[in-house]
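The values are calculated or read from the model by the stated rules, or taken from the named source; none is laboratory data. The model shown is predicted, which means the values in this text are computed figures rather than measured ones. Cβ: placed from backbone, ideal geometry, glycine included. Neighbour counts: every protein chain shown. Each accessible area value is taken on the protein alone, full model and side chains, heavy atoms only, with ligands, DNA and RNA left out. Shrake-Rupley method; radii C 1.70, N 1.55, O 1.52, S 1.80 Å.
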Amino acid sequence: MARGLKNHVAVPMAALVLGLLFAAPVPGGIGTIGFISPAMAQPATLTKRQSDALKAYNDAVRNFEAVLTQRRAQLEAKQPLPNLPGQALYLARNAMLGAAKDLTDAVPSRIGGPNKFNIPPAYFDAANEPLLDEYVKLFALMQAPPAGAQKSETPFKDVVDLGTAIARAKGLDAGAAEAAGRISLGLFFAETNGNQNIGNARSNKYKGSFQTGTSEDANGRRKWASIKGAVAAIDPGLSLRDDKEEARAGSLDHRYNHWTAVRDALMSAHADIFPQVPAIVKTLPDPIDQMKLFELIQIVPAPTRSALGSGNLLGYRVSDPTIMRYLRNNSMFAFGQADRARTSATYREILDAMWLFHPKFEQALARFNEVKGR
C-alpha cells in the first residue's frame, strides 16, 4: 500500500490536517496576518546566507497566505475548484515549514517559542498559527463526506472493536489484542484525524475513514470473509453488527460506510502483522511509536515488513531513493534543505521524524482511554 502521495498533513497534524472544523475565516481575513514575528525579525546584520534565507521565508509565508486566500474565495463564491484542490495548499504549507527551518538553521537565535500545533519551533513560527487554522478549515470543507455516506454514532469504539476482534481471530491473547485495537485507532487518526467517511483533496484514489483505494478495500473484504467465522465464534455481537452494516451498505462504495471501510482497511494492510504485536510492543514500549510503525506499514509497506523481519527493527536502514521520496511525500524529512538532503535513515530516525503525526496519536490515545472507560 505504498503511497507516494498520501494525504497526511500530518496535518492534520493533529489538527494540522483535516480536522473537520467548519468555522469561519479568522476575523479580518488572513490578509491581516503579519509575516515576521519578533522571533523571526530581521537581525541587525545579515550575512548573504541569512539574508537569502529570510527573504525565502517571507516569500513562502506570503505565498501560503495567497494560496489560502484564493481557495477561500473560490469556495465562498462556489466556483469550480481545480483537480486535487488541496495539493497547492499542502505544497505551500510545506514550503513555509521548510523555509522556516532553513532560516533557523542559518540564524539559530530566530527559533521561537512553542505553538499550539506542537510543531518543533525550528520549523514554525507561532505567529503564523492563524494560517494553519485556515488551512485546516479549508481542508475540512474540501474533504467533507459525500452525500449518502453512512456514518457511525460510535466511530472510535468501532475502530477499537474491529481491531481487537481481528487480532483475537489471528490468535492474540486479550492483552495483545487490546494493543492492536489501540494501534488501529491511531491509524484512524493518522489517516483522517479521526473524521469518518471523508474525501481527499490531494488524491482521487484514496477515500473514506481509512483513506483506502478500491483495490485495497476489495482485498480487505475478501480477507474478512476468510476469518468471519472465527470472529463470530469469539464475538457474536460484533459479527451481528457486521451483518447489519453489510446490509446497510448494499451497493454503496464500502469505503463510505465507516464500519466496512475500517474493517476492510485493517484486513487489507494490517491484520497479517497483528500476530507480531507482542514482539513489537516489547521492542517499542511507547504506544505512540507502535502507532507510528503501523502507519509506516500503510505508507511504505515493503521496507517496513523487511525491517520487522530483520531482527534489528530500529537499526534497519532505508536508502532506496523511491522510499525516501514516499517518506517525504508523507511529511518525513520533508522540510528544509538539511532534512531533504538526507539519502538514508534508520527506522529509529524515521519514527522520530514523524513529529507531525505525534499530536494525532496523542488524540487517539485519549479517545482509546475514553472507549475503555479509563
**Q.** helices (runs of 4 or more DSSP H) lying entirely in segment 223-289 (those with 2 or more residues that are of a type in the set (D, E) and more than 15 Å from P155 (Cα to Cα))
**A.** 236-249
Q) Can you find even one residue in segment 276-293 that is of a type in the set (S, T, N, Q), touching a residue at least 24 places away in the same chain (Cβ under 8 Å) and open to solvent by 10 Å² or more (accessible area, probe 1.4 Å)? A) yes
Q. Restricting segment 324-374 to residues that are part of a helix (DSSP H, G or I), aliphatic (A, V, I, L, M) and in contact (Cβ under 8 Å) with a residue 24 or more places away in the chain, which is surrounded by the fewest Cβ atoms within 10 Å (Cβ to Cβ)?
A. A338
(Q) Tell me yes or no: at least one residue of segment 221-237 is farther than 16 Å from K170 by Cβ, open to solvent by 20 Å² or more (accessible area, probe 1.4 Å) and touching a His at 6+ places or on another chain (Cβ under 8 Å). (A) yes
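When you check F188 against the structure, is it open to solvent by less than 30 Å² (accessible area, probe 1.4 Å) and either assigned to a helix (DSSP H, G or I) or modelled with pLDDT of 95 or more (or both), yes or no?
Yes, satisfied.
Okay, residues lined up against (1) farther than 19 Å from V277 by Cα; (2) in a helix (DSSP H, G or I); (3) out of contact with any helix residue (DSSP H, G or I) (no Cβ under 8 Å at 6 or more places or on another chain):
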site	(1), (2), (3)
V160	no, yes, no
T164	no, yes, no
G175	no, yes, yes
A180	no, yes, no
D217	yes, yes, no
Q | Given (1) in a loop (DSSP other than H, G, I, E, B); (2) in contact with a helix residue (DSSP H, G or I) (Cβ under 9 Å, 6 or more places away or on another chain); (3) not small (G, A, S), index of the condition E153 fails | A | (2)
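Report yes if some residue within segment 299-319 is among the basic types (K, R) and closer than 28 Å to L89 by Cβ; otherwise report no.
Narrowing segment 299-319 to residues among the basic types (K, R): 305, 317.
Keeping just the survivors that are closer than 28 Å to L89 by Cβ gives none.
No - not one qualifying residue is present in segment 299-319.
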Q: Please identify the pairs in which a residue from segment 178-204 that is over 16 Å from D161 (Cα atoms) has its Cβ atom under 6 Å from the Cβ atom of a residue that is open to solvent by 10 Å² or more (accessible area, probe 1.4 Å) and hydrophobic (A, V, I, L, M, F, W, C), counting only partners at least 6 apart or on another chain.
A: N195/L20; N197/A149; A201/M142; R202/L84
Q) Looking at A122, A100, which is the one that is closer than 18 Å to A56 by Cβ, of a type in the set (G, A, S) and assigned to a loop (DSSP other than H, G, I, E, B)? A) A122
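Kindly establish whether R202 is buried (at least 22 other Cβ atoms within 10 Å of the Cβ) and basic (K, R).
Values: buried (at least 22 other Cβ atoms within 10 Å of the Cβ): yes; basic (K, R): yes.
So R202 fits the description; yes.
How many residues does segment 191-206 contain that are assigned to a helix (DSSP H, G or I) and hydroxyl-bearing (S, T, Y)? Spell out the reasoning first.
To start, the set of residues in segment 191-206 that are assigned to a helix (DSSP H, G or I) comprises 191-192.
Filter once more, so that each one left must be hydroxyl-bearing (S, T, Y): 192.
Within segment 191-206, residues that are assigned to a helix (DSSP H, G or I) and hydroxyl-bearing (S, T, Y) number 1.
Hey, among the residues in segment 136-151 that are small (G, A, S) and open to solvent by 10 Å² or more (accessible area, probe 1.4 Å), which one's nearest to I234 (Cα to Cα)? If you could, list the steps in order and put the result at the bottom.
Of segment 136-151, the ones small (G, A, S) are 140, 144, 147-149.
Imposing the further condition that a residue be open to solvent by 10 Å² or more (accessible area, probe 1.4 Å) reduces the set to 144, 147-149.
Values: A144: 36, A147: 35, G148: 32, A149: 29 Å.
Top of the filtered list is A149.
Going through segment 154-174 one residue at a time, which ones are out of contact with any Asp or Glu (no Cβ under 7 Å at 6 or more places or on another chain) and either under 19 Å from D253 (Cα atoms) or open to solvent by less than 50 Å² (accessible area, probe 1.4 Å) (or both)? Steps first, please.
As a first pass, look at segment 154-174 and keep what is out of contact with any Asp or Glu (no Cβ under 7 Å at 6 or more places or on another chain): 154-163, 166-174.
Within segment 154-174, P155, F156, D158, V159, V160, D161, L162, G163, I166, A167, A169, L172 meet the criteria.
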